[in-house]
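The values are calculated or read from the model by the stated rules, or taken from the named source; none is laboratory data. Just so it is clear, the model here is predicted, and its values are computed rather than measured. All Cβ positions, even for glycine, are placed from backbone atoms using ideal geometry, and neighbour counts span all protein chains on display.
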Amino acid sequence: MIDLHCHILPGIDDGAADVDAALDMARAFVADGVSVVACTPHILPGLYQNTDSGIRTAVGELQRRLDEADIPLKLVPGADNHIAPDCVAQLRDRRMLPLADSRYVLIEPPHHVAPPRMDEVFFDLQVAGYVPILTHPERLRWIESHYALVATLARAGVWMQITAGSLAGTFGSRAQYWAERMLDEGIVHILATDAHDVRHRRPDLSRGAELAARRVGDSEAWHLVSTRPKGVLDNVPSSDLPLPGGGECSSTVAKGGGGGVEPGRDRARQQEPADASRAHAVRRFAGRLRRFLAE
C-alpha cells in the first residue's frame, strides 16, 4: 500500500515530535503493509512556515535514518498545503509542494469555516494542469452545509482523500458517517492515514482498506490504497486511472463531458491486477494489522 498523507517528518509541524517518534511511525507503517509514504507536513503561513527546500532536506535526512535502521520504507516529498487564492502561483514558485513532484497536490481548507470561492481555486488549479486533492472533507465542520459543493467538485475532477481512521470511528460518528456516505456515493479517490504519531493518530491504512472493502468491494478498496496512489507517484494523468465506483475516466466531467477513449486508458485497464489478487492483498493487509495490534 501507499500512503499519500502523513506527518512523519520530525519536529516541523504537529506530527512526529522527534526522530525517534518518526522511526516508530515508520516501523508501524511497514508492519501495516505500507511501502511508500508521502511526507506531507503542513504549509500554513503564520503557523507552519515550511518551505520546499526545508521539506526536501528533512525527507532526505529521515530517509537516511530509515536506511541506517533497516526500515524498508520509501519516502517522497509533499505537503499538506493550506488553501489560498493564489495556489497556482505558490506552486509555480515553490511556496507550495505537489506530491512527489507530480501534477497532484494536497489542498487543505480551514477546518471550521468554508473558504470563499473554493470552487474557483480548484478550477484555477485544474486549468493550470494540476489535479487538486481535497484532504479529509469528511472531518470538516462545515461539510453538512456544503456537501453539495464537495460532491460537485468530486464529479468535476477534484480528487477526494478521506482518512482511514474516519471509517473506524476514530474521529467520531459524524466523520464516520460522511466518510461512509462519500464512499457509497462513489466520490472518494484516495484513502490515507493522516498519521501524526503511533498512539492517537497512528498508521492504520490496512484497517481503513478493510472497512472500505466492506462498502465498495475489494477491487475499489485496492484502488484507494494502491492503484491511484501509485498513479500519483508515477504522475499518471487522472484520465488514465479508474474512477471511484467503477468509472472509466476521472477527467471527463472536468472536460465538459467530452466523449472518446483517451490514450492509455485501455492499456491501463489491461494492466490492472486481477480482482482476486487485489482481494487477497487487502485481506492480507487486514490480517497483518490484526496480528500487529494483538502483539
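Brief remarks on what is shown
- For the range 161-199, the set of residues classified as closer than 15 Å to ALA221 by Cβ and acidic (Asp, Glu) consists of GLU180, ASP184, listed by residue number.
- Test set (1) crowded, with 24+ Cβ neighbours inside 10 Å; (2) in contact with a Lys or Arg (Cβ under 6 Å, 6 or more places away or on another chain) - ALA192 fails condition number: (2)
- Residue check for ASP70: in a loop (DSSP other than H, G, I, E, B), farther than 30 Å from VAL127 by Cβ and modelled with pLDDT under 95: no
- Scanning the range 25-50 for residues that are out of contact with any Asp or Glu (no Cβ under 8 Å at 6 or more places or on another chain) and among the charged types (D, E, K, R) yields a single hit, ARG27.
- Selection within the range 24-53 - hydrophobic (A, V, I, L, M, F, W, C) and part of a loop (DSSP other than H, G, I, E, B): VAL34, LEU47
- All positions within the range 63-80 that are surrounded by 19 or more Cβ atoms within 10 Å (Cβ to Cβ) and in contact with a helix residue (DSSP H, G or I) (Cβ under 7 Å, 6 or more places away or on another chain): LEU66, LEU73, LEU75, VAL76, PRO77, GLY78, ALA79
- For the range 20-52, the candidate set comprises residues that are at pLDDT below 95 and over 21 Å from the mean Cα position of the chain (by Cα); within that set, the residue that is farthest from ALA209 (Cα to Cα) is GLY46.
- If only residues of the range 148-174 that are in contact with a Lys or Arg (Cβ under 9 Å, 6 or more places away or on another chain) and within 16 Å of GLU108 (Cα to Cα) are counted, the one that is surrounded by the most Cβ atoms within 10 Å (Cβ to Cβ) is ILE162.
- Subset of the range 4-22 [part of a helix (DSSP H, G or I), out of contact with any Asp or Glu (no Cβ under 9 Å at 6 or more places or on another chain) and touching a residue at least 40 places away in the same chain (Cβ under 8 Å)]: ALA22
- Residues being buried (at least 21 other Cβ atoms within 10 Å of the Cβ) and in contact with a Phe, Trp or Tyr (Cβ under 7 Å, 6 or more places away or on another chain) - total across the range 92-104: 1
- Residues of the range 28-59 satisfying the condition of being closer than 17 Å to LEU73 by Cβ and touching a residue at least 60 places away in the same chain (Cβ under 8 Å): ALA28, PHE29, ALA31, ASP32, GLY33, VAL34, VAL36, ALA38, THR40
- Residue within the range 101-111 that is over 14 Å from the mean Cα position of the chain (by Cα) and either within 22 Å of SER239 (Cβ to Cβ) or in contact (Cβ under 8 Å) with a residue 60 or more places away in the chain (or both) present: yes
- Checked against the criteria, ASP70 does not count as in contact (Cβ under 8 Å) with a residue 60 or more places away in the chain and not β-branched (Val, Ile, Thr).
- Residue that is surrounded by the most Cβ atoms within 10 Å (Cβ to Cβ), among those in the range 213-237 that are hydroxyl-bearing (Ser, Thr, Tyr) and under 14 Å from the mean Cα position of the chain (by Cα): SER226
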